[in-house]
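> Okay, handing you the structure first.
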Amino acid sequence: MSSLFNQYRVEELLLATGTLQKRLWQEAGELRDAVFGKEVFIRGVIEVSNFCRQNCDYCGMRRDNQKLDRYRMNSDEIFDHLQSILPASVRDINFQTGEDVVAVRETILPLVRRIKKESRLGISLCLGTLESKDYDQLREAGGEYYIIKIESGNEAHFKAIHAPGTLAKRIEAIHYLATTGWQVSSGFIAGLPDQTKEHFLETLNLLHRLPLRGTSVSPFIPGENTPYEGAGVMSGVEALNSVAILRLQNPDRIIPAVSAFNIVHEEGYRLALEAGANLGTINLTPERQREDYQLYTKHRVIMNQERVLKAIEKAGLTPSEKSMIRFLKKI
Ligand code: SAM
């Protein structure tokens, strides 16, 4: 592990500025280059449904949010849409939803089967905590990479923010998925209300110990029509340093640059890549649905192909020709 951890406490690295920050990001970037080369994987995401049975205090799609028009796309609609707009750089596709078992069974399952049969795209899913039989069916249909975040690695904090179910259940799901042939990614939200330094360290330690191929950090953005609407935002510095810390702790994992970085810092997306991230996501949700897939605000920063490629280039990196999922299968 990096010598920076011998010289500095993680909380000092989290707040690093100036020379220390430069060193932190440089080491993280070099480590990413040593494992993955100077290449960034590119995936597309379609936000399939915003129905959600959960009531997370931080999320605009929580079931108590009555101000949201709910939608659920069908599989043919998504398949046709993908065929007409798939950007040339995309090698993997991620389908994301609120926790909506109807969408899982009626839309995602047939869609995954068809995509597996008719394309070479790697298939990622981010659908929440489901029953084992749902994970099994999705895997059999062709799903390969499952994203299920722990949000906070401290049990009491997880409960206080009303994250989905219990932390123990999410951890159980991660182990189940990892032992049934899935590549699993998890992650957390940095800067959540009432998140202490201890929670932060506990979360990083837990993520490091779990059987994961990917790990993410998203800066907390106060969501409209949520109990945290008026809460404070973490500084861009801390959010970006978190990416570098994750890379130093987990050299061979996929770490995404998430679009929320652009909210906490003007150049946040590019800087996340410079701090060690190696995955960019192009939003392919049809415009009609996009506004209602509201994690935080209706005014989202939409990362299209042009923006993602520009950020990659400005960070001195290149878009990968390979599918992230196929690449992971070989290492
Ligand atoms: N429903 C699925 C689940 O719970 O895993 C997947 C979709 S969920 C809406 C996607 C992610 O958005 C969550 O895992 C969470 O980390 C992130 N998110 C939601 N609200 C957020 C906020 N206010 N700030 C930052 N990230 C947020």
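No value in this document is a laboratory result; all are computed from the given coordinates. Being a predicted model, the structure only gives us computed values, none of them experimental. Neighbour counts are summed over all protein chains in view; Cβ atoms, including those assigned to glycine, are modelled from backbone coordinates with ideal geometry.
> Can you pull the Kirkwood radius for region 180-313, inverse mean 1/r over Cα pairs, to one decimal in Å?
Across region 180-313, the inverse of the average 1/r is 15.6 Å.
> Right, next: Using θ = phi - 60° and the Karplus curve 6.51 cos²θ - 1.76 cosθ + 1.60, what whole-Hz ³J(HN,Hα) does each residue of region 306-319 get, with Gly and Pro shown as x?
4, 5, 5, 5, 5, 5, 4, 5, 4, 7, x, 10, 10, x
> Spin-label point model (7 Å from Cα, Cβ direction): what's the residue 156 to residue 266 distance in nm?
4.1
> As I understand it, the dipole of region 194-268 uses +1 on the Cβ of Lys and Arg and -1 on the Cβ of Asp and Glu, about the Cα centre. Which of 207, 220, 234 lies farthest toward its positive end?
Value: 207.
> Mind checking the full-extension length gain between residue 209 and residue 85? Use 0.36 nm per residue of separation minus the Cα-Cα distance, one decimal, nm.
Working it through step by step, the gained length comes to 40.8 nm.
> Which trypsin sites (Lys or Arg not before Pro) in region 54-135 pass both tests, a DSSP loop state and at most 11 other beta-carbon atoms within 10 Å?
Answer by residue number: 67, 120.
> Then there's this: How much length would be gained if the chain were fully extended between residue 17 and residue 5, taking 0.36 nm per residue of separation minus their Cα-Cα distance, in nm to one decimal?
The residue 17-residue 5 span can extend by a further 2.7 nm.
> Under 5 Å between amide H atoms, partner at least 5 residues away or on a different chain: which partners does residue 44 have, H built in plane at 1.01 Å?
Correct list: 91, 92, 93, 94, 282.
> On alpha-carbon atoms, Rg over Rh for the chain using Kirkwood Rh?
My calculation of the ratio gives 0.93.
> Is there a quick way to get the dipole size of the chain? I mean about its Cα centre, with the Cβ of Lys and Arg at +1 and of Asp and Glu at -1; what is the value in debye to the nearest 20?
740
> Continuing with the same structure: Could you tell me which Cys residues in the chain have no other cysteine's Cβ under 4.7 Å from their own Cβ, answering none if every one has a partner?
By the Cβ distance rule, which asks for a partner under 4.7 Å, the isolated cysteines are 52, 126.
> Can you give the FRET efficiency for residue 132 and residue 233, using 1/(1 + (r/R0)^6), R0 = 30 Å, r = Cβ-Cβ distance, to the nearest 0.05?
So the FRET efficiency works out to roughly 0.20.
> Summing +1 for each Lys or Arg and -1 for each Asp or Glu, what net charge is found among the other residues whose Cβ lies under 13 Å from the Cβ of residue 134?
-3
> I would also like to ask the following. How much length, in nm to one decimal, is gained on full extension between residue 63 and residue 172, taken as 0.36 nm per residue of separation minus their Cα-Cα distance?
Residue separation times 0.36 nm, minus the Cα-Cα distance, leaves 36.8 nm.
> Ok, one more. Give me the dipole magnitude in Debye, nearest 20, for region 1-51 about the Cα centre, with unit charges on the beta carbon: positive for Lys and Arg, negative for Asp and Glu.
Around 80 debye, computed over region 1-51.
> Can you give me the relative contact order of region 1-148 as a percent, contacts being Cα pairs under 8 Å and 6 or more apart?
About 21 percent, as a whole number.
> If you find the alpha carbon centre of region 256-328 and of region 110-131, how far apart are they in angstrom?
20
> I've got another one for you. Over all directions, average the projected area of the Cα convex hull of region 1-136 and note it in nm².
Computing the convex hull of the Cα atoms and averaging its projections yields 12.4 nm².
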